[in-house]
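The values are calculated or read from the model by the stated rules, or taken from the named source; none is laboratory data. This structure is a prediction, so every number in the text was calculated from the model and none was measured. Counting neighbours? That spans all protein chains shown, and the Cβs are built from the backbone with ideal geometry, glycine included.
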Amino acid sequence: MKKYLLPLLCLAVAAGCSSKGDPVQEQLDEFAPIQIGSSFFEGISDNGREVLNYFKQASAEVDNIYWDQSFGDRKELDKLSRLQREWAEVNYGPWNRTDGQAFAEGWTARPLGANFYPADMSEEEFLACEDPEKENPYTLLRRDAEGNLVTVWYHDAYKDRIEKIKSYLTAAANYTIKPSVREYLLARIEALQTDDYYKSNLIWLGMQDSKMDLILGPAETEDDRLRGVKTSYESYVLLKDLELTATINTLAERIPAFQAELPCDAQYKAFEPGAGSTIYAYDMVYAAGAANAGVKKIAVNRPYDLRVQAEQGTRTAVLNNVIHSKYLKIILPAGRLLLTRDQSANLSGKAFFWNTVMREIAHGIGVKETVSGKGTVTEALGDEALTVEKVKDNALGLYLNLQAIAAGQTDPTVRREDALATFVVSTIRSARFGEATALGRGNIILYNFLKEKEAFSIDRSGHYLVDFDKAEQAVTELASRVLTIQGEGDSAAAHQLIETYGTPSESLLLDFAAMKRARIPVDVRFQFVW
C-alpha cells in the first residue's frame, strides 16, 4: 500500500492546488441535483391531492422554523452572491455542513449550538443554570432582561409559524376521507401547541390505511453539536409504495427476534420493542427543514420517544426514490472506481436497499436505557451519543442483514458478498460527509475499524479487495462494542472510540481525492417537481 500512497497523495494535493474554479461552485457541484417526484401521484384522488397540497404548505412553515433554529434571521443572507445564496440554501446557512466552515466572508465557523443557545453562552454558565427545562429537547436557551439564561418552549418561540401550520393541517383534516389521518393530524396540531408528542406519535403509528403520510415536527438532535439534546423541525411528505411495502413489512414481525439476537451480553438486550412496529416503502415527494438540509437521508425511523418505542414500536420509512437516485449517482460509480474489477460485480442496488432497511431497524432496537443507572444513552453519552448511535446503526444493520440473508428472509437475489461489498463502498462515500457531522464521523469510525481488522486490502493501483469473512467479523465485533458502551453509559469509552477511529486515515483521504477527480458527487440536492 505504501508504494502507491505517496504518488497518489501528491496527485491529490496537486489537483487541489491547481484548481482555478470558484470554490463555492466546486462545493455546490459536489451535491448533484436530482428531481424528486413519484408515479404514485396517478393513484391519488382530487381530494387526496388537496390534502397533499396542505401538507406541502404546512411543510413550508416548518422550513421557516428550521431556518431560525439552524441559522437565525434569513435576511442576513441577502448580502451573499447568487451562487453563495444557492449553496446556503442547501446548507441552511453560510457554512458547508461537511466541515462546518464558512464559505462567505463575515461569518465564522458554524456554531456548535446552532441557534438553540446564546452565541456567547459558556459551558460553566450552562451548568450553573438552574432552569429544570434547560436540557428539554423542545426548549431554546435565551437571555432575559438581566442577561440570565432562561428557557423558552418551542411552541412559544415559534407561535406564529405554528398557528399557520395548524391552519393547514386543520384544512387537511377536514378534506381527508380517512378517519385515521384526520385523528393523527388533529393530534399533531395539539402536540405542536404543547410540545407533548406522546399521544400523536401513538396515533401516527396506528395510522396504517393511507397511501399518503406526513412526518412533521421536531425530531433529530444532530444540529445540536454542543449538548446533543435540542431537536430540529423536519417535514416529509410521502406516498406509499404498496407493493414494495408488502414485501418488506414482513420483517417488522421479526423485530423482537432481532432484539433478542443482538451480538452482545444478555444484560444489554433488556429493551422490549413494541409489537406494533411497521416498515413502509415510500416515494418522498417533498421535504423541508432538517429533512432537506445538507446530506439527504434515505430512510428514517420514528418516533424517538422511548415510551412509544416500548409500548408500540417504531415506523421505518424507507425512501425508495431517494435510495435509487443515490445508488445510481454515487454508490455505483464510486464502487466501480474503488473496488477491484472482480468485486465491482458485487455492487447491487438491491443490497444497498436492504442494508438501508436493516440499518433503520437497527436504530429502533438495541440499548435505550443504561444498565448502570446513568439514565438514557443520550443522557449518559451527551453530545457524543449521536455519533455512537450512527456507528451502531450501520454496523448492527449490516449484521442483521447478513443474518437475514443467511436465513432467506430478504430478496433471494442479494448475496452475502453483495451486501458486504456494497456496504464498504457506502461507508467510504458516507465518510465524505465529514467530521463535522455525526453521520460522517460515524462512517469514518467504521472505515478505520474495518481497516484495522483487515476487512479489506488495497492493491498497488488503489483498488479495494474485501475479505468477506473478516468484514463480517469486524462489523459484528464493532456492533458488540458499541452496544456495550451504550449499555454501560460509558462516556470515557465512547470518547476513546471517537478519538481512536474518528479521523480520516491517509487511504481514506486518497479515496476522497480520487472520487473528487472522478466527479462523483458527495451527495444530492433535491429539485421538487411537485
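Condition (residue is farther than 30 Å from residue 462 by Cβ and of a type in the set (S, T, N, Q)) applied to segment 382-391: is it met by at least one residue? Checked against the condition, which is being farther than 30 Å from residue 462 by Cβ and of a type in the set (S, T, N, Q), segment 382-391 yields no hits at all.
Exactly one residue among 431, 419, 385 is surrounded by fewer than 24 Cβ atoms within 10 Å (Cβ to Cβ), small (Gly, Ala, Ser) and touching a helix residue (DSSP H, G or I) at 6+ places or on another chain (Cβ under 6 Å), and that residue is 385. Look through segment 434-447, keep the residues that are of a type in the set (Gly, Ala, Ser) and touching a Leu at 6+ places or on another chain (Cβ under 9 Å), and return whichever of them is surrounded by the fewest Cβ atoms within 10 Å (Cβ to Cβ). Of everything passing the filter in segment 434-447, 438 is surrounded by the fewest Cβ atoms within 10 Å (Cβ to Cβ). When each of 391, 371, 367 is tested for being touching a residue at least 12 places away in the same chain (Cβ under 8 Å), assigned to a loop (DSSP other than H, G, I, E, B) and buried (at least 23 other Cβ atoms within 10 Å of the Cβ), the lone residue that passes is 367. In this structure, does residue 471 turn out to be in contact with a helix residue (DSSP H, G or I) (Cβ under 8 Å, 6 or more places away or on another chain), crowded, with 19+ Cβ neighbours inside 10 Å and at pLDDT 95 or above? When the stated conditions are applied, residue 471 passes them. Within segment 323-352, the set of residues being within 22 Å of residue 249 (Cα to Cα) and touching an Asp or Glu at 6+ places or on another chain (Cβ under 8 Å) comprises 348, 350, 351. The number of residues in segment 408-435 that are assigned to a loop (DSSP other than H, G, I, E, B) and either of a type in the set (S, T, N, Q) or under 22 Å from the mean Cα position of the chain (by Cα) (or both) comes to 7. Restricting the first member to segment 73-90 and to residues that are more than 21 Å from residue 526 (Cα to Cα), and the second to residues that are surrounded by 11 or more Cβ atoms within 10 Å (Cβ to Cβ) and hydrophobic (A, V, I, L, M, F, W, C), the beta-carbon pairs closer than 7 Å and six or more apart or on different chains are 80/88; 80/104.
Residues in segment 211-262 that are small (Gly, Ala, Ser) and outside any helix (DSSP H, G or I): 217, 219, 228, 232, 235. Return the residue satisfying two criteria in turn: it lies in segment 312-355 and is within 19 Å of residue 400 (Cβ to Cβ) and among the charged types (D, E, K, R), and of such residues it is surrounded by the most Cβ atoms within 10 Å (Cβ to Cβ). So the residue we want is 315. Just one residue in the set 497, 508, 450 is buried (at least 16 other Cβ atoms within 10 Å of the Cβ) and farther than 21 Å from residue 363 by Cα; that residue is 508. Is one or more of the residues making up segment 323-346 under 22 Å from the mean Cα position of the chain (by Cα), at pLDDT 95 or above and not in a helix (DSSP H, G or I)? Looking for residues that are under 22 Å from the mean Cα position of the chain (by Cα), at pLDDT 95 or above and not in a helix (DSSP H, G or I), one finds none in segment 323-346, hence no. For segment 453-468, a tally of residues being out of contact with any helix residue (DSSP H, G or I) (no Cβ under 6 Å at 6 or more places or on another chain), surrounded by fewer than 16 Cβ atoms within 10 Å (Cβ to Cβ) and over 15 Å from residue 420 (Cα atoms) returns 2. Is there a residue being modelled with pLDDT of 95 or more and more than 20 Å from the chain's Cα centre (by Cα) anywhere in segment 283-297? No, every residue in segment 283-297 fails to be modelled with pLDDT of 95 or more and more than 20 Å from the chain's Cα centre (by Cα).
Of all the criteria given as (1) surrounded by fewer than 19 Cβ atoms within 10 Å (Cβ to Cβ); (2) assigned to a helix (DSSP H, G or I); (3) acidic (Asp, Glu); (4) out of contact with any Leu (no Cβ under 7 Å at 6 or more places or on another chain), the one not satisfied by residue 63 is (1). Scanning segment 309-322 for residues that are touching a strand residue (DSSP E or B) at 6+ places or on another chain (Cβ under 9 Å) and assigned to a helix (DSSP H, G or I) yields a count of 3.
Screening 466, 482, 522 for residues that are in contact with a Ser or Thr (Cβ under 8 Å, 6 or more places away or on another chain) and at pLDDT 95 or above leaves exactly one candidate, 522. Reported count of residues in segment 159-193, each being over 26 Å from residue 47 (Cβ atoms) and in contact with an Asp or Glu (Cβ under 7 Å, 6 or more places away or on another chain), is 1.
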